[in-house]
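Notes follow the structure.
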Amino acid sequence: MEAVFGHLRNAIERGEYAVGDKLPSEAELCRTLEVSRPVLREALRALQAVGLTASKTGKGTFVLANTVDDPTFGDYAASHLLEVRRHIEIPVAGYAALRRTPEDLDHLAHLLDRMERETDTTAWVAMDSLFHLALAEAAQNPVFRRIIEEIRDALARQSAFLNELCGRRDQSNCEHRAILEALVDGSEQDAMAAMSHHLQVVESTLTDIVRPRRTDSPTEGGPQA
């Protein structure tokens with residue numbers, strides 16, 4: 001999927017498909033790129049998430065822009081999510097370290113154990129958003145929980161996007177484990193630092209997608225799968 005996404009993105013950025021153009025049909029793209037329809041559809045969803053294309057029911061996929069600006073996940077842009085998360089989830093982690101109950105710790109540990117065993121990305125993404133919601137609940141402030149609940153769908157879409165393109169699952173599990181360990185220790189500062197690190201990695205991963213490093217010359221032909 002990453003190869004198909006990169007191939008189509010490069011084609012759009014090079015002007016092979018101009019703004020307003022309709023992309024070839026799914027059947028034609030599958031044939032040209034020699035990939036399955038599920039792989040192609042994941043790549044097309046990724047193109048929409050970064051704002052390069054839009055799908056019109058019954059008409060096809062059309063190019064909206066030739067450069068990636070700010071990916072959108074559900075109702076919220078990635079930059080807006082990151083800005084809010086820094087101001088909400090870092091203090092949430094600190095409060096959770098001070099206020100968590102044994103039941104909170106058991107719930108978070110159970111979730112994380114399941115996430116570390118999970119191999120299905122869709123199931124993992126669902127538990128990822130539950131983990132962040134459980135942290136807000138452990139902070140014992142219903143306003144925090146309400147805010148995380150409001151952006152929960154966007155967080156899940158962002159998590160799925162990062163996992164599809166970057167395979168973030170294992171690294172994210174390690175970052176979540178560090179947050180949980182700080183909560184177990186009751187360390188406000190460690191919990192805030194662990195959450196800050198987690199959000200910094202999310203931001204840098206998104207930045208790499210929006211502005212990828214180009215070190216190799218383009219290869220001939222399309223991706224194989």
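The values are calculated or read from the model by the stated rules, or taken from the named source; none is laboratory data. The shown structure was predicted, so the numbers you read here are calculated from the model rather than taken from an experiment. Positions of Cβ are generated from backbone atoms using ideal geometry, with glycine treated the same way; all protein chains shown enter the neighbour counts. Keep in mind that these areas ignore ligands, DNA and RNA; they rest on the heavy atoms of the full protein, side chains included. Shrake-Rupley method; radii C 1.70, N 1.55, O 1.52, S 1.80 Å.
Over the stretch 66-203, what percent of the accessible surface lies on carbon and sulfur atoms, probe 1.4 Å? C and S atoms contribute 48 percent here.
Taking the chain as a Gaussian network of alpha-carbon nodes connected by springs under 10 Å, the highest mean-square fluctuation of the residues R168, R85, R31 belongs to R31. Expressed in units of 2.2 N^0.38 Å, where N is the residue count, the Cα radius of gyration of the stretch 16-90 is 1.32. Hydrodynamic analysis of the chain uses the Kirkwood radius over alpha carbon pairs. Inserted into Stokes-Einstein at 10 °C and 1.306 mPa s, it gives a translational diffusion coefficient of 84 µm²/s.
As a length-normalised measure over Cα pairs under 8 Å and 6 or more apart, the relative contact order of the stretch 17-138 settles at 19 percent.
Remark: the stretch 1-106 carries 52 Å² of accessible area per residue (probe radius 1.4 Å; ligands, DNA and RNA excluded). Taking T57, T101 and ordering them by how much accessible surface each has at a 1.4 Å probe, largest first, produces T57, T101. Quick one: Cα centre-to-centre distance for the stretch 84-123 and the stretch 1-63, in angstrom? Using only Cα atoms, the two centres lie 36 Å from each other. Between E28 and D170, the distance separating the two model label sites (each 7 Å from Cα on the Cα→Cβ line) works out to 4.0 nm.
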